[in-house]
Amino acid sequence: MTRKILEKLRNGAPSNEEIVYLLTSGDRELIFAAARETRQKHFGNKVFSYGFVYFSTHCRNDCAFCCCRRSNRALERYRKSDSEIVEHAVNLEKSGVNLIDLTMGEDEFYTEQPARLAAIIREVKNTTGLSVMVSPGVISRRALEMAAESGADWLALYQETHNRELFKKRRVRQNFDERMNLKRHAASLGILVEEGIMAGIGESPADHAVSFGEMRRLNAFQIRSMRFVPQEGTPMAEFSSEFSLGNTETELLDIAVMRLLFPDRLIPASLDVEGLEGLKARLNAGANVITSLIPPDAGLMGVSQREKDIRSGCRTLRAATPILEELGLRAAANAEYSAFLAAAKAGVKYNSRVAAI
């Protein structure tokens, strides 16, 4: 059955039932091999890389799964200065990453004064010369427009689940449609969108299949699945999903199935779940972006794993390079990343061979 569905994927779209079959299949290695073959066809041996600057841990929201939730009084909060943010971005640029991901909680210091966020985007973009992703949570349409005017290339705004009832429980007192509509507005401004789900927060395999359909309708150019990591100081600190979707194998199958469904899109291998030790498995599942690269000694947190591998310098491109080489892969040059970005924004097919250097 798995082989028949994989063959169907080469010629058209499978049904949700067939996607669920793949997500729950015991033929994992067959699926992973097909995903790697698909990645090779569309991207060659290139892997892109994102530097991560989590510049504020203040947040107005009370998400049930997030350590930065407003009610978590045990968390040590920080808000980096503009000069610190730029310094961290410059250090990441020197390390060889292709993009700077500027991430914050929904910090009212910025959401109520969007010119502050726009100024940071502009300064990071001008100083590093790199593409910029902004991950600010839900901001006003005007704030998003200011971000676009300042040079933001990407908006990362994860729904985490497209099951509306589950969304209410996990993103407490937040508006499902407001979040989705902001992503649509970003696309209308020429900003590329990253959409993401979290595996293990109470959803079913069928919910994941629905999410993949929503990613397609959104025309997201980067799509992500991350395993849920319980966070101290949250209502879900002891949570265990009844569907057992909170394990790494589920995340890996999500990555592989997404690669097969979205052969020409970016799919991250995040270091924010298992650190460097989990990179190989995610690349072998079809991922083509290393994310959550964080410079050591910068005083920056991760999201799921606040400290894992950061101080030791193992959340860097240099540390990841031997793993890439072992798998016959290599870190992409900035010119190659820019070629992908230009094709995506122009709505034309990305040609990996033409973009190769």
Review point. Looking only at 318, 282, 73, which one moves most when the chain is put into a Gaussian network model with springs between Cα atoms under 10 Å?
Key: 73
**Study point:** Percentage relative contact order, the stretch 2-345, counting C-alpha pairs under 8 Å, at least six apart
**Key:** 22 percent
Practice item. Set the Förster radius R0 to 41 Å, insert the Cβ-Cβ distance between residue 318 and residue 165 as r into 1/(1 + (r/R0)^6), and round the FRET efficiency to 0.05. Key: 0.40
Study note, to complete from the structure: In a Gaussian network model of the chain with springs linking alpha carbons closer than 10 Å, the residue among 125, 169, 308 that fluctuates most is 169
Check your understanding: Between residue 353 and residue 71, what is the spin-label point distance in nm, taking each point 7 Å from the Cα along the Cα→C-beta axis?
Key -> 5.7 nm
Exercise for review: Place +1 on the Cβ of every Lys and Arg and -1 on the Cβ of every Asp and Glu in the chain, take the dipole about the Cα centre, and give the residue among 305, 159, 109 whose Cα lies farthest towards its positive end.
Suggested key: 159
Practice item. Two decimals is fine: what's Rg over Rh for the stretch 33-108, C-alpha atoms, Kirkwood radius as Rh? Key: 1.15
Practice item. Take the chain, connect every pair of alpha-carbon atoms lying under 10 Å apart with a spring to form a Gaussian network, then pick out the residue of 15, 95, 131 with the largest mean-square fluctuation. Key: 15
Point to revise | Efficiency of FRET from Cβ geometry, residue 127 and residue 330, R₀ 41 Å, rounded to 0.05 | key: 0.95
Exercise for review: Take the Cα of residue 219, step 7 Å along the line toward its Cβ, and report every residue of the stretch 135-166 whose backbone nitrogen sits under 18 Å from that point.
Suggested key: 145, 148, 153-157
Exercise for review: Can you give me the three principal axis dimensions of the stretch 2-345 from its C-alpha atoms, in Å, biggest first?
Suggested key: 54, 42, 40
Review point. Tell me which aspartates and glutamates have Cα within less than 12 Å of residue 308's Cα, excluding those fewer than 8 residues away on the same chain?
Key: 272, 274, 277
Exercise for review: Please work out the Cα center distance from the stretch 259-273 to the stretch 82-112, rounded to the nearest Å.
Suggested key: 22 Å
Exercise for review: Would you kindly state how much longer the chain becomes between residue 33 and residue 113 on full extension, computed as 0.36 nm times their sequence separation minus their alpha carbon distance, in nm to one decimal?
Suggested key: 24.0 nm
Review point. Under 18 Å from the Cα of residue 4, which aspartates and glutamates turn up, not counting those fewer than eight places away in the same chain?
Key: 17, 18, 27, 29, 37
**Study point:** 10 Å Cβ shell holding at most 16 others, DSSP loop, GluC sites (Glu not before Pro): longest site-free stretch of the chain
**Key:** 113-231
Review point. For the chain, what is the mean residue ellipticity at 222 nm derived from helices alone (per DSSP H run of n ≥ 4: -39500 (n - 2.57); sum divided by total residues; nearest 500 deg cm²/dmol)?
Key: -13000 deg cm²/dmol
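Values in this text are rule-based calculations from the coordinates and carry no lab data. Predicted model, so just to flag it, every value in this text is computed and none were measured. When we count neighbours, we look across all protein chains shown, and the Cβ atoms used for this are built from the backbone with ideal geometry, even at glycine.
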